[in-house]
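Structure, as structure tokens:
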Amino acid sequence: MLNLAERIIRGDERSGARLISLIEARDRRGYEELTRLLSYINRAHVVGVTGPAGAGKSTLISQVASRLHKQEKKLGIIAIDPTSLHSRGALLGDRFRMKEAEDTGDIFIRSMADRDQPGGVCHAALGAVYVMEALGKDVVIVESVGAGQSDKALFYLCDTIVTVFTPEFGDELQLLKAGLLEIGDMVVLNKCDKPGAEDAMGALSAHIPVKTEGEWSPPILLTKAHAGEGIDECVSAIERRWDFLQKDGRTPESRRQKITMFVMTLLKEELWRRFAGICANDREYERIMGEAQSNVIDPYTAIERIADSAETRLRRGTQ
Ligand SMILES: Nc1nc2c(ncn2[C@@H]2O[C@H](COP(=O)(O)OP(=O)(O)OP(=O)(O)O)[C@@H](O)[C@H]2O)c(=O)[nH]1
Ligand SMILES: [Mg+2]
């Protein structure tokens, strides 16, 4: 009998979905299967789409994906949905907004939410990207709101990042606060049918980092995603970006750096998860915290003592 990895390499999407579920469940058997896929990755153009909630990311992705599909490209979509923390309905909602992509009947769409780590990077997303690459997808699109530092780490696994804004978010301060502009390789101003599109365009242009000769320069694209307008330009920009990366931008070194960043971000969360588990039943921790609570020691000293005690035990454990 073929194992999951072998079936995935032969293009079996049901096995792909099963492996993603194992990774979501943090099942070690899933990691073993994923290891078998490692010589089949780094083939697809991985495109991350980020931007404020409701900016039109899903609508845009659906339109772009269905056009790429018409060009005989094989597509996978991963939608990371923070709202589904509150209701399962949102997962269905996201798929519903990807109607054009769904209607092709030929695009692998996977919605996921990391219920264990609200606001955190989606633990299973990297695995899902690997699975889709091993399935032979040409383009894998990842959607995420991209709020918070750790969520941004998700985009370390992308080759191209598309940031989507709307005229409502055109205001300078919002853009800077969101911290999203500087990570974008393409900027989409969606909902151009709304008032304020020109002002927003001006604010966006002023903030696009200036690139030197030979570097990729992020284009600004104007769209009305719900009406399918501006989509062809988005598709060509994605293709131009891929050509650029093929020539000189996607070096093994940059890939190595991205993996390091991704691992470090997830490691931070994992260490914290384990540490919090230890503290929950630890007398030393409770004693120090009790002293801080009753003002016997100041909070800074408490932090140092708790960290020292954890470090000592960690070192002892490794000897
Ligand atoms: N007026 C207008 N509405 C749009 C446009 N594009 C999308 N919408 C609408 O905006 C709403 C939100 O679109 P989504 O595609 O779900 O946005 P999203 O960014 O994926 O939202 P979240 O995943 O919840 O963060 C939907 O009702 C869309 O129909 C546009 O160009 N103009
Ligand atoms: Mg969405």
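The values are calculated or read from the model by the stated rules, or taken from the named source; none is laboratory data. Here the structure is a predicted model, which means the values were calculated and not measured. Note that each Cβ is placed from the backbone with ideal geometry, even for glycine, and that neighbours are counted across all protein chains shown.
Brief remarks follow.
- Restricting region 38-51 to residues that are out of contact with any Gly (no Cβ under 9 Å at 6 or more places or on another chain) and more than 18 Å from R241 (Cβ to Cβ), the residue that is farthest from ligand 1 (Cβ to nearest atom): S39
- Members of region 23-39 found to be over 19 Å from R273 (Cβ atoms), in contact with a helix residue (DSSP H, G or I) (Cβ under 6 Å, 6 or more places away or on another chain) and of a type in the set (A, V, I, L, M), listed by number: L34, L37
- The set of residues in region 141-160 being at pLDDT 75 or above, within 16 Å of ligand 2 (Cβ to nearest atom) and among the hydrophobic types (A, V, I, L, M, F, W, C) consists of I141, V142.
- Scanning region 27-63 for residues that are among the hydrophobic types (A, V, I, L, M, F, W, C), within 16 Å of ligand 2 (Cβ to nearest atom) and outside any helix (DSSP H, G or I) turns up V47, V49, A53, A55.
Conditions tested, residue by residue: (1) modelled with pLDDT of 85 or more; (2) crowded, with 20+ Cβ neighbours inside 10 Å.
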| position | (1), (2) |
| --- | --- |
| E6 | yes, no |
| L38 | yes, no |
| G54 | yes, no |
| K57 | yes, yes |
| S66 | yes, yes |
| A79 | yes, yes |
| R88 | no, no |
| D106 | yes, no |
